[in-house]
Amino acid sequence: MTSRDAGPVWVFGYGSLVWRPAFAHRERRPAVLHGFARRFWQGSTDHRGVPGAPGRVVTLIEAPGAHCWGMAYAVERRDAEAVLRLLDHREQGGYDRHQRTLHEPHGDRAFASALVYVATASNPDWLGPAPLAEIARQVRRAHGPSGSNREYVLRLAASLREHGARDEHVLALAALVEAEDAEAAA
């Protein structure tokens, strides 16, 4: 960020930032990030799990032809430093900041360059791919200071449905978690 930059700082949320940004912003709008897919491959030992029993939260993986729907937030430049400190703390469990181009959800018009937090296999909390049923079992058991991992998955899926966004990985995982809830209640 330089002093000549007058416009807002954009932040792209694709996980809990979709439904709970918890920071000051002047605008919120749906956006799509091309070339990336959302996956529950990052461990959470500070929010949705604990050390020794991590939860699973989303990160982005490069995937040619994929499109990740999420929410873009315009942060006033005067608030950007404080918001980024808050987000750096919130995303400290293995996430790094990247700059990516966001597009409108319908059509291909780019509208902003945004900060995006991404976790990769090089961080110590990385869990990587696993069969969806195994991920669902881990999600059902995990709980951390920010709440249950189950809530994280189901709130993300509900937010996607609410906005008409499709993400087969998230929706399939949510269906497995809900099915296990129904089995446990029976």
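The values are calculated or read from the model by the stated rules, or taken from the named source; none is laboratory data. All figures in this text were calculated on a predicted structure; none of them were measured in a lab. Reconstructed Cβ throughout: ideal geometry from the backbone, glycine too, with neighbour counts over all protein chains shown.
Need the failing condition index for residue 118 against (1) modelled with pLDDT under 95; (2) out of contact with any Phe, Trp or Tyr (no Cβ under 6 Å at 6 or more places or on another chain); (3) under 30 Å from residue 8 (Cα atoms); (4) not hydroxyl-bearing (Ser, Thr, Tyr), just the number.
(1)
Please state which of the following conditions residue 86 fails to meet, knowing it meets all the rest: (1) in contact with a strand residue (DSSP E or B) (Cβ under 9 Å, 6 or more places away or on another chain); (2) part of a helix (DSSP H, G or I); (3) in contact (Cβ under 8 Å) with a residue 40 or more places away in the chain.
Looking at each condition in turn, residue 86 falls short on (1).
It is to be established whether one or more residues within the range 162-171 are crowded, with 17+ Cβ neighbours inside 10 Å, not β-branched (Val, Ile, Thr) and not in a helix (DSSP H, G or I).
yes
Exactly one condition in (1) surrounded by 20 or more Cβ atoms within 10 Å (Cβ to Cβ); (2) closer than 21 Å to residue 169 by Cα; (3) over 15 Å from the mean Cα position of the chain (by Cα) is not met by residue 57; state its number.
In the conditions (1) surrounded by 20 or more Cβ atoms within 10 Å (Cβ to Cβ); (2) closer than 21 Å to residue 169 by Cα; (3) over 15 Å from the mean Cα position of the chain (by Cα), residue 57 misses (3) alone.
Can you say whether residue 75 is crowded, with 22+ Cβ neighbours inside 10 Å, over 17 Å from the mean Cα position of the chain (by Cα) and farther than 17 Å from residue 156 by Cβ, as far as the supplied structure shows?
Working: crowded, with 22+ Cβ neighbours inside 10 Å: yes; over 17 Å from the mean Cα position of the chain (by Cα): yes; farther than 17 Å from residue 156 by Cβ: yes.
For residue 75, the condition - crowded, with 22+ Cβ neighbours inside 10 Å, over 17 Å from the mean Cα position of the chain (by Cα) and farther than 17 Å from residue 156 by Cβ - is met.
Against the definition (in a loop (DSSP other than H, G, I, E, B) and closer than 23 Å to residue 43 by Cβ), how does residue 159 come out, yes or no? Walk me through how you get there before you give the answer.
On the way: in a loop (DSSP other than H, G, I, E, B): no; closer than 23 Å to residue 43 by Cβ: yes.
So residue 159 does not fit the description; no.
Could you list all residues from the range 108-146 that are within 12 Å of residue 33 (Cα to Cα) and assigned to a loop (DSSP other than H, G, I, E, B)? Walk me through it before giving the result.
Here is the first cut: in the range 108-146, the residues within 12 Å of residue 33 (Cα to Cα) are 108-116.
Across the range 108-146, the qualifying residues are 108, 109.
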